[in-house]
Amino acid sequence: MATTITNLISSKVISNLDTYNYTVGEAGLHYVNLAINELPPSGITITIQLNGTPVVVSPAPAAQQQVVQLATTMNNTAGDVISIIVASSTPSDQGPQSFKGILTIKRGAIN
């Protein structure tokens, strides 16, 4: 399953494993950040892709890790697709609302 983000967001709460896609409307720099608060043990990984090619991938969290965060800034053209993939093979991560994350996509570089 994939979730389409239809407009530029300042932040969105996510709570399920999924792929979140955003199609760039205007060329320029775009900042993407996902911070997930979780209760160990967890196997959550985050991948940020541009047009299907990985840009940055988080490592699997350590057992004592409470937050998984991944951020990047990309120079995009109109029509590019930014995908944020939240995945895990750990059973405790599979259910709905098994974690809480804040996804931020904004035009421009990090402030």
Toy charge model, Lys and Arg Cβ at +1, Asp and Glu Cβ at -1: the chain dipole around Cα centroid in debye, rounded to 20, equals 180 debye
FRET efficiency for Val81 and Asn37 from the Cβ-Cβ distance with R0 = 25 Å, rounded to 0.05, comes out at 0.40
In order over the stretch 10-18: 3J(HN,Hα) from phi, Karplus 6.51/-1.76/1.60, θ = phi - 60°, whole Hz, x for each Gly or Pro, gives 8, 6, 9, 7, 10, 8, 9, 5, 5
For Cα extents along the principal axes in Å the list reads (i) 40, 27, 24; (ii) 84, 31, 19; (iii) 35, 33, 29; the calculated value is entry (i)
The ³J(HN,Hα) series, computed from each phi in the stretch 78-92 with the Karplus coefficients 6.51, -1.76 and 1.60 at θ = phi - 60°, rounded to the nearest Hz and given as x for glycine or proline, is 4, x, 4, 10, 9, 10, 10, 9, 10, 9, 6, 9, 7, x, 5
Asserting the computed 222 nm helical MRE of the chain (DSSP H runs at least 4 long, -39500 (n - 2.57) per run, divided by residue count, to nearest 500) equals -500 deg cm²/dmol
With R₀ set to 22 angstrom, the calculated FRET efficiency between the beta-carbons of Asn7 and Gln94, to the nearest 0.05, is 0.15
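Quick note: the coordinates plus some simple rules give every number you see, no bench work behind them. Source: prediction; values computed, not measured. Please note: Cβ atoms are built from the backbone with ideal geometry, for glycine as well, and neighbour counts cover all protein chains shown.
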